[in-house]
Amino acid sequence: MATLEDPIEIGGVTIPNRLYRAPLLECAGNGPDAVDALIDDLEPAAESGVGLICQGATIVRGDGGCAAPGMTRVHDPDFVSRLSRLTDRIHDYGSRIFVQLEHGGLRSMETWHAEYRREHPDLEQLAVSRPPWQLRLLDRLGFLDYDPRVLSTEDVYDLAADFGRAAASAVDAGYDGIHLAGANMGIVQQFLSPFYNRRDDEFGGSPAARLEFLAVVHDEIRDRAGDVPLMTKVPAETPAPPAPVVRRKLSLEDGVEIARRLERIGYDAVVPVQTSVVWDMSIVRGEYPERAWTNEGLQAAYDAAFGGSTRKRLVSAANRVQSLQYDFESAWNADFCRRVRERVSIPVLAEGGIRERSRMDRLLGGSSGGGTNGGEPPACDMVGMARPFYAEPRLGARLLETGAEDTDPRVLCESCNNCTVPQVTGAPGICRTPDVLRKRGELEREGVYDRTES
């Protein structure tokens, strides 16, 4: 049975342990300070011993496609080459780093960010098919602003080539692997989902055809970047509203089948996640971020993002309702991961609500699971977290090699989501909860985050 400290191999690359920092918004952009900002954000996790660092979603094209302000673009090889400073720093600690490639499609800022739309009036959203009626209704009501360009067959191949070119530049800059953003309403999920994909060419019309975009992206990356480790998130749209609001969506069984097909295509690992058909709190879960919404210093930026105080209040109200609908659940993707792991032979990575070392051991099937893991087989081969690294950038030092058997480290993150909402304004991803920051300060003074081994 695996333990958190055991190494693992993904696509021929050895990861020194089974803890990973899941992709987050770094909000580093592409300016002169971008590389330094990424180093400041990602290096602490490697320094604390985390085996794999997943840089957050980066955009493969130079225009459009950003789902939030400040996302880094990796379309320019000259810029990407400068990221070798980042990869070198991560490697100095023995960790590995994967970059997550993304395009937002219908989730892009040119859809929802009012100020960005005014500043970029000519930008169109890339669409897999004509937007579903639910999104067209929100457009008519003024909450979204759609001017979609449905991708032709040739356009789809061109977009896949952009993923391949970005991957090749990343490998040249020292990245150890490629992680596709296959969920959270990005363009990859839009290809996979029957909610979005109603195409009648080779990229739509059946479950196998909806997967064809990922097959072409795989081939482009292999042709341009070689045998670099390649993994992707695999969505199941179980949190989506039920019929009649949403009739067509990906079930858990659909997600398992997608994972099986991806292994046959040649993907080296998968990250199964339950996510809605739209961007909502099913992605993060937890509490309503009261502190973030009432922050006086952010009100003007919220107004600019949402198009005025009235729309801001409506979004805040929807956020409150969703926080009740999608209550926090420990390791909420575990069952989905376990189902996938029973059907594939490639590594399965789990994230989403994993907060305690003992839970990690049970998911991996390690010693804390008593050998039989409570009668259930292991759920995954690696465990990851995202928001807890905002709260504790050097979290790995507290979780790895804990020593005393009676200790069960738990992350400080309270899943309050006060770190997430400000990012719609371009604010950095940091913990904003005083109690958590105070506890982190106490642990820092105690030297808890100091690694005992290099």
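The values are calculated or read from the model by the stated rules, or taken from the named source; none is laboratory data. The model shown is predicted, which means the values in this text are computed figures rather than measured ones. No Cβ is skipped: glycine too gets one built from the backbone with ideal geometry, and neighbour counts run over all protein chains shown. Protein only, heavy atoms only, side chains kept; ligands, DNA and RNA dropped before computing areas. Shrake-Rupley method; radii C 1.70, N 1.55, O 1.52, S 1.80 Å.
A few comments on the model shown:
- Ala68 vs. criteria part of a loop (DSSP other than H, G, I, E, B) and not acidic (Asp, Glu): yes
- Hey, Ser345 over 19 Å from the mean Cα position of the chain (by Cα), open to solvent by 10 Å² or more (accessible area, probe 1.4 Å), at pLDDT 95 or above and farther than 30 Å from Ile10 by Cα or not: no
- Qualifying positions in the stretch 151-195 - in contact with a Pro (Cβ under 9 Å, 6 or more places away or on another chain) and open to solvent by 50 Å² or more (accessible area, probe 1.4 Å): Arg165, Asp172
- Taking the criterion of being acidic (Asp, Glu), in contact (Cβ under 8 Å) with a residue 12 or more places away in the chain and farther than 18 Å from Ile178 by Cα, the residues of the stretch 35-83 that qualify are Asp41, Glu43, Glu47, Asp63.
- Hits in the stretch 176-197 (condition: farther than 20 Å from Arg107 by Cβ and either assigned to a helix (DSSP H, G or I) or within 17 Å of the chain's Cα centre (by Cα) (or both)): Gly177, Ile178
- Scanning the stretch 399-429 for residues that are in a loop (DSSP other than H, G, I, E, B), open to solvent by 80 Å² or more (accessible area, probe 1.4 Å) and at negative phi, we see that the one that is modelled with the lowest pLDDT is Asp406.
- Residue within the stretch 434-445 that is in a helix (DSSP H, G or I) and of a type in the set (Gly, Ala, Ser) present: yes
- Members of the stretch 92-108 found to be farther than 13 Å from Leu126 by Cα and part of a helix (DSSP H, G or I), listed by number: Asp92
- The residues in the stretch 119-134 that are part of a loop (DSSP other than H, G, I, E, B), crowded, with 19+ Cβ neighbours inside 10 Å, of a type outside the set (A, V, I, L, M) and touching a helix residue (DSSP H, G or I) at 6+ places or on another chain (Cβ under 8 Å) can be counted, and the count is 1.
- Odd one out for Leu25 among (1) at pLDDT below 95; (2) closer than 21 Å to Gln189 by Cβ; (3) of a type in the set (A, V, I, L, M, F, W, C); (4) open to solvent by less than 30 Å² (accessible area, probe 1.4 Å): (4)
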